[in-house]
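Below is one structure, written out as structure tokens, with a few remarks after it.
The values are calculated or read from the model by the stated rules, or taken from the named source; none is laboratory data. None of these values were measured; they are calculated from a predicted model. All Cβ positions, glycine included, derive from the backbone under ideal geometry; neighbour counts span all protein chains shown. For accessibility, only protein heavy atoms count, side chains too; no ligands or nucleic acids. Shrake-Rupley method; radii C 1.70, N 1.55, O 1.52, S 1.80 Å.
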Amino acid sequence: EAQVTQNPRYLITVTGKKLTVTCSQNMNHEYMSWYRQDPGLGLRQIYYSMNVEVTDKGDVPEGYKVSRKEKRNFPLILESPSPNQTSLYFCASSPAEGLYNEQFFGPGTRLTVL
Amino acid sequence: GEDVEQSLFLSVREGDSSVINCTYTDSSSTYLYWYKQEPGAGLQLLTYIFSNMDMKQDQRLTVLLNKKDKHLSLRIADTQTGDSAIYFCAESNNNDMRFGAGTRLTVKP
């Protein structure tokens, strides 16, 4: 089954404790991205990757890092989480940049930073 | 920056039609989308329309696009309780994609 998986689905942590949210897709997609969803703001793109070892900032990259060492994985790293990063995070993938009509979303990771 | 706006809430009775509206500002949009998000789930692409089209119909869903006014709407005919969800409007050009804040549709029996 074609899918995007994220782990963990739920996480409660404390300020400053480094964490990683994993994202994996099994569709051999080149393009992957991370979004955060906040009430009243919709989805905002954090980072995206057009292919292995190619990443770039989205609209709200501050406080986040990503890596793309393999095509299937695109982890989101919070080196020093802060309460304003409490949000619902979605990973997404598509065959290539611009093919948003073929974009798949993961189930989401709800992060709470105390 | 470019914006996508939609009302936050809509409540309808089961069996009625629902119309969710969206406006956007990017005149270079190439595609416009409607996504559905059910509780605890990710976003599911419902339908999309190319910017040179006026209308697209898919079973109970009708998308209308007024490119001059930059207005997009999603009509759900014979709305069912299973249609209760958050509906996101989105637009893309060749470079990126922008989402609205989402409209929470509540269907009352």
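Just to confirm a number: summing +1 for Lys and Arg and -1 for Asp and Glu over residues other than B:ASP69 whose beta-carbon lies under 15 angstrom from that of B:ASP69, what do you get?
-2
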Expected output is a single nm value to one decimal: the length gained when fully extending between B:ALA41 and B:LYS56, i.e. 0.36 nm times separation in residues minus the C-alpha distance. What is it?
2.8 nm
Quantify, in whole percent, the carbon and sulfur part of the accessible surface of region B:24-108 (1.4 Å probe; protein heavy atoms only).
45
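Which order do you get for B:SER17, B:SER73 if you rank them by accessible area with a 1.4 Å probe, largest at the top?
B:SER17, B:SER73
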For chain A, using Cα atoms only, the Rg and Dmax in Å read 13.1, 37
Charge tally in the Cβ shell below 11 Å around A:TYR64, where Lys, Arg are +1 and Asp, Glu are -1, A:TYR64 excluded
+1
Just add up the charged neighbours of A:LEU111: K/R +1, D/E -1, any other residue whose Cβ is under 12 Å from the Cβ of A:LEU111.
+3
Roughly how crowded by other chains is peptide A:42-53, in terms of the mean Cβ count from those chains within 10 Å of each of its Cβ atoms?
3
Eight or more residues apart or on different chains, and alpha-carbon atoms under 15 Å: count the Lys pairs in the protein assembly as shown matching that.
4
